[in-house]
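Notes to accompany the following structure.
None of the figures in this text is laboratory data; all of them are computed from the coordinates on show. All figures in this text were calculated on a predicted structure; none of them were measured in a lab. Cβ: placed from backbone, ideal geometry, glycine included. Neighbour counts: every protein chain shown.
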Amino acid sequence: MKGTFTVRQSTALRTLVEKTVANTPVYDIHTHLYDPAFGDLLLYGIDDLLVYHYLVAEAFRYFDIPYEKFWALTKEQQAAMIWDALFIQHSPISEACRGVLTTLNLLGLDVKKRDLPKLRKWFVGWKPTDYVTRCMDLAKVERICMTNSPFDDQERAVWDKGFRRDERFTAALRIDPLLVAWLESAPRLKAWGYNVTTELTERTLSEVRRFLGDWAKRIDAQYVMVSLPPTFEYPSENYCSLLIERVVLPFCREAGLPFAMMPGVKRGVNPQLRLAGDGVARCNVAAYENIFSAHPDNTFLVTALPRENQYEFCVAARKFRNLHLFGCWWFTNIPFLIEEMTRMRFELLGLTITPQHSDARVLDQIIYKWDHSRRIIAKVLVNKYTDIAVTGWVPSKQEIERDVKTLFGGGFDEFLSAGKRIASSGDVTI
């Protein structure tokens, strides 16, 4: 018998889903933020929001000055130029500009007067730890996963010195230079006391694995990660593919850590824009399927940059249970694509994904990124729940709360635990 679902029930369902999504705490599983103990590496405040590379690239569409002249300015001068170009001379309708306004609004600041000096004054005097709490409370973020690279000299110095960790911050071990620039990275490992050469001898491979183990333990890594170019292939005889095959995957399998891959970044399309100068290109999903298939005892996290690859990775995740898709990254972190990707993932993969991470590089960004994303996720969930409700299967409050907790970190935690269980069982070949 066909179920009935009234307008009143539909309104109640929408209200319940929107409230649940808006108020459920989230684990932000990938950011470029730092524990306050890292000092100046933790970026926050209006000037850092304005000189974020999303806005830099957009502002240069209006600027008529040489790139080097802009980079020679102070941060405050750069921020003032961007504010004038994107907020004063033109309406701030892009997602990056809207994000700044959402953040300021939710912080309780008045943007109507367009007064940048007054906005700056508000941020003066905040203690970093207190401001972290303020932003996390507004965003309803309970945990933040950092991106931590041993190859960053400033960051490595903090780890070497030691510090009292803020328990709200977890860590992910980022190893891009190791894999995509091995010839430059090998001498650095040698200088740090690892007996390596540029040739991938057994001793070198063993030492690289020791390096991974040392750093994963030091930072208590939740996963190991790399951003890979569109040209990545696997299997292959290049350094990147061989190091993944012979070092990274055996280490991750034994340690019970997922290997997170972020495909599709085309580095330095316009080097004059510096961090804002990277682009995107479609990657070969078959290369990643080869990895998932050849290593069923490893677990993998993937967030792809190209829109064109999203469908293929969704289909791959249906075939490989050791793959967990997460987030809408960088150029896909706009409402149009977030909704499209979230809807497609729900329709193909159900609740076995983590729909979003903030990718925030400036602390305040978690406020707008989660506000905007929650609204979209709620919209798609309302639609999906309504689809099944008209059949008579009306989800209960408890079921909706369970599902949203799964999407906002619970499913990710379970995926991490699955890798640990595989490692502890010993049913792997190292």
Query raised in the report: HN-Hα J couplings of the stretch 109-119 from phi, Karplus 6.51/-1.76/1.60, θ = phi - 60°, integer Hz, Gly and Pro as x?
Result: 8, 8, 9, 4, 7, 6, 9, 5, x, 5, 5
Requested in this report: Report, by chain and number, residues whose modeled amide H sits under 5 Å from the one on T170, excluding near sequence neighbours (fewer than 5 apart, same chain).
Outcome: I144, C145, M146
Query raised in the report: What ranking do I376, I244, I422 get, fewest neighbouring Cβ atoms within 10 angstrom at the top?
Result: I422, I376, I244
Query raised in the report: Stretch L337-T391 to full length: gain in nm at 0.36 nm per residue minus the Cα-Cα span?
Result: 16.6 nm
**Report entry** Low-density loop positions, trypsin sites (Lys or Arg not before Pro), the stretch 280-339 - DSSP coil, at most 14 other Cβ in 10 Å
**Finding:** R321
Query raised in the report: Where in the chain lies the longest segment free of GluC sites (Glu not before Pro) that are both loop residues by DSSP (not H, G, I, E, B) and have at most 12 other Cβ atoms within 10 Å?
Result: 238-430
Report summary line: Counting only DSSP beta bridges fully inside the chain, the antiparallel percentage to nearest 5 is 10
Query raised in the report: Which ³J(HN,Hα) values, rounded to whole Hz and listed in residue order, are derived for the stretch 258-264 from phi using the Karplus coefficients 6.51, -1.76 and 1.60 in 6.51 cos²θ - 1.76 cosθ + 1.60 with θ = phi - 60°, glycine and proline given as x?
Result: x, 9, 9, 10, 10, x, x
Report task. Rounded to the nearest 0.05, what FRET efficiency do R134 and E184 give with R0 = 45 Å and r taken as the Cβ-Cβ distance? Could you check? Result -> 0.65
Report summary line: With +1 at each Lys and Arg Cβ and -1 at each Asp and Glu Cβ, the charge dipole magnitude of the chain around its Cα centre, to the nearest 20 debye, comes out at 1040
**Report entry** Förster-model FRET efficiency, 56 Å R0, A72 and V7, C-beta, rounded to 0.05
**Finding:** 0.35
Query - Cα-centre dipole for the stretch 372-430 with unit charges at Cβ (Lys and Arg positive, Asp and Glu negative), debye to 20 - result: 260
**Report entry** For the chain, Kirkwood radius (reciprocal of mean inverse C-alpha pair distance, Å)
**Finding:** 23.1
Query - Amide H within-cut-off set for G327, under 5 Å, with H built and near neighbours excluded - result: T354, Q356, H357
Query raised in the report: Which links in K118/K405; K266/K384; K113/K405; K217/K319; K190/K217 stretch past 28 Å when you go from one Cα to the other?
Result: K118/K405; K266/K384; K113/K405; K217/K319
Report task. Assign unit charges at the C-beta atoms only (+1 for Lys and Arg, -1 for Asp and Glu), then state the dipole size of the stretch 45-125 relative to its Cα centre in Debye, rounded to the nearest 20. Result -> 280
Query - Amide H contacts under 5 Å for V141, placed H, 5+ residues apart - result: V26
